[in-house]
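As structure tokens, the structure follows; a few thoughts come after it.
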There are 2 protein chains.
Amino acid sequence: MTVLDIPSGIPAHVDTPAPGDPRLARLSLNQRTTANWDLREAVEGAVAAGLPAIGLWREPVAEVGVDVARRIVDDAGLRVSSLCRGGFFTASDRAERTRAHEDNLRALDEAAGLGTKALVLVPGGLPAGDKDLAGARARAAEAIAALVPAAVVRGVTLGIEPMNPIYAADRGVISTLAQALDIAEQFAPHEVGVVVDTFHLWWEPGVYAQIARAGERIVSYQVCDWITPLPADSLLARGMMGDGHVDFPAFTRAVAAAGYTGDVEVEIFHADVWAAPGDQVIATMARRYVELVQPHL
Amino acid sequence: MTVLDIPSGIPAHVDTPAPGDPRLARLSLNQRTTANWDLREAVEGAVAAGLPAIGLWREPVAEVGVDVARRIVDDAGLRVSSLCRGGFFTASDRAERTRAHEDNLRALDEAAGLGTKALVLVPGGLPAGDKDLAGARARAAEAIAALVPAAVVRGVTLGIEPMNPIYAADRGVISTLAQALDIAEQFAPHEVGVVVDTFHLWWEPGVYAQIARAGERIVSYQVCDWITPLPADSLLARGMMGDGHVDFPAFTRAVAAAGYTGDVEVEIFHADVWAAPGDQVIATMARRYVELVQPHL
């Protein structure tokens, strides 16, 4: 029987790596890739496929509580490669920003409780009706600075995630790795790092030089593809590696050359991926990973 | 009767400027904003609204031929603010690149024949299956260099249009004004300039400094808005000024401070704008222009 990749439906180029395959030693399932699974199902799916790590999201963790989540993950023998996500601190209203700060403190508690070293920060977009992008960016930088002491106490590194400009208005005002590093470099590497995500950064002029500049500040390497035509819902535009335009071998070599030795999270937001059976999604992402990413780490 | 703006349907904030209003002295109708009009209709529409200029596209010009197009525009007393578009020279196949070069020579002939100083260059995307973005960018820069002598002979300035990264894969591999200027600055300002378009550049970190750097190289200032949620067809995502997130006053002040004294083209790609009567679209764009852009020139 021919094995088909998801969501492309094209025949797989390589065999699905079996559990125990050393090529899987750094592959992590970002929980959103199997969005219809709850935490327990995602952990079981990762284990069944032989993955050693999982990237957790706060909402499914909250469904069971941090302590139970930690036990589920520990019992399964998985690492938590990162927790998504803090941030969203660009409100123009001061009280709202205070609430965001407090929520980020809770996110740091959760990250520490889950035993992960990285809290992914999505900066947030422009407040409704506010067109002052520079102002929103400045508020994001201030909010990050305000979180650093709490992060240090908890032993968690803040990971700024620069986001594709497609999301600059409504989700993430920090648009390039260069811009994220300008903020991160005001702090020690164990305090503030960056999330390097192929979907967000593949187009950035000079991005390989910026990855080299990031060096030990890379707290998470996340992979998925930029696909065209862009799906109708731009929030579900993140495709399976190999289905789009990202040069994964070159990008991955740059991340490896920067000294990154951590897990590689596959984070895909795509309606057809979310509609597919989770175990088949993981099998496809593992195949694509060993084909396009792992040989270049 | 309340006048409604297109496509928002919200009441107009300001009166429609009448023909002869000095505030219209630099407003140009980019032909694609009224995509359902042919050249003659667009010229008549611009004249009826009191606009002094029009930005032409090659396809509707070709329908009547350059000589007739020039006569229509001249008889109407309009300036041609720019011709869209040359470019699309990123093919990996050499023969295809040669064909693109020859087509760009024809575009330069047309620009000269129409009496415009600016040929807008859309770089082109990645060839099918090709993931070497740096290579495509290098080919774009080479192709621009190869066009310069022909542009100089014809008295036309090449205008590199950096495009929003949303189009980096399929349309325009030059993604920032900084990147466009790195190419343009290898030539004299009358040889190679840049197109500054709010939709493409509003998110660029440090864009106001880049606009200052561009100075006399700005061959066209094009305005439309970045709207959210992003329309399902990303090619039709360009909204009416004021309907989205762009800070037109601040952006326009930066362009003015750089010394730009040319026309301001309104270039909107949006299904609802294209479906609306052209005269109402022009009326809305003139109102939004005198409200958000013109006072800051």
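The values are calculated or read from the model by the stated rules, or taken from the named source; none is laboratory data. Predicted model only: the values in this text are computed from it and were never measured. Every residue, glycine as well, gets a Cβ built from its backbone with ideal geometry; the counts of neighbours run over all protein chains shown. To get the accessible areas, we keep the full protein, side chains included, count just its heavy atoms, and leave off ligands, DNA and RNA. Shrake-Rupley method; radii C 1.70, N 1.55, O 1.52, S 1.80 Å.
Here are a few things to note about the model shown:
- Kirkwood Rh and Cα Rg combined as Rg over Rh, evaluated for the protein assembly as shown: 1.00
- Once the Cβ-Cβ distance of B:Ala209 and A:Glu44 is raised to the sixth power relative to R0 = 51 Å, the FRET efficiency obtained is 0.50.
- Dimensions of region A:1-90 along the principal axes, based on C-alpha atoms and rounded to the nearest Å, stand at 45, 33, 20, largest first.
- Across the copies of the chain, B:Val14 has label points (7 Å from Cα along Cα→Cβ) spaced 5.9 nm apart, shortest distance listed first.
- Averaged over its residues, region A:168-295 has an accessible area of 29 Å² per residue, based on protein heavy atoms and a 1.4 Å probe.
- Rounded to the nearest 10 Å², the accessible area of B:Cys224 at probe 1.4 Å: 0 Å²
- Label-point spacing for B:Asp93 across the identical copies (point 7 Å from Cα in the Cβ direction), in nm and ascending order: 5.7.
- Cross-link partners for A:Lys131 among the aspartates and glutamates, with Cα-Cα distance under 19 Å and sequence neighbours closer than 8 places in the same chain left out: A:Asp93, A:Glu96, A:Glu142, A:Asp170, B:Asp197, B:Glu204, B:Asp225, B:Asp243, B:Asp247, B:Glu291.
- Share, in percent, of DSSP beta bridges within chain A that are antiparallel, nearest 5: 10 percent
- When chain B is reduced to its Cα atoms, the Kirkwood hydrodynamic radius in Å: 19.1 Å
- Averaged over peptide B:173-179, the number of partner chain Cβ atoms lying within 10 Å of each residue's Cβ comes to 3.
- Chain B, rotation onto A, residue closest to that axis via Cβ, with its distance in Å: B:Ala232, 2
- Taking Cα atoms only, the orientation of helix A:94-114 departs from the longest principal axis of chain A by about 40 degrees.
- Residue-level accessible surface for B:Leu4, protein heavy atoms, 1.4 Å, Å²: 90 Å²
- Interface residues, region B:223-254 - accessible area loss of 30 Å² or more versus chain alone, probe 1.4 Å: B:Trp226, B:Thr228, B:Leu230, B:Ala232, B:His245, B:Asp247
- Degrees separating the helix A:248-257 axis from the principal Cα axis of chain A, which is the longest one: 60 degrees
- Shielding of A:127-137 by partner chains, average beta-carbon count, 10 Å: 3
- Take B:Pro249, move 7 Å from Cα toward the beta carbon, and the resulting point lies 5.3 nm from the same point in each other copy, nearest first.
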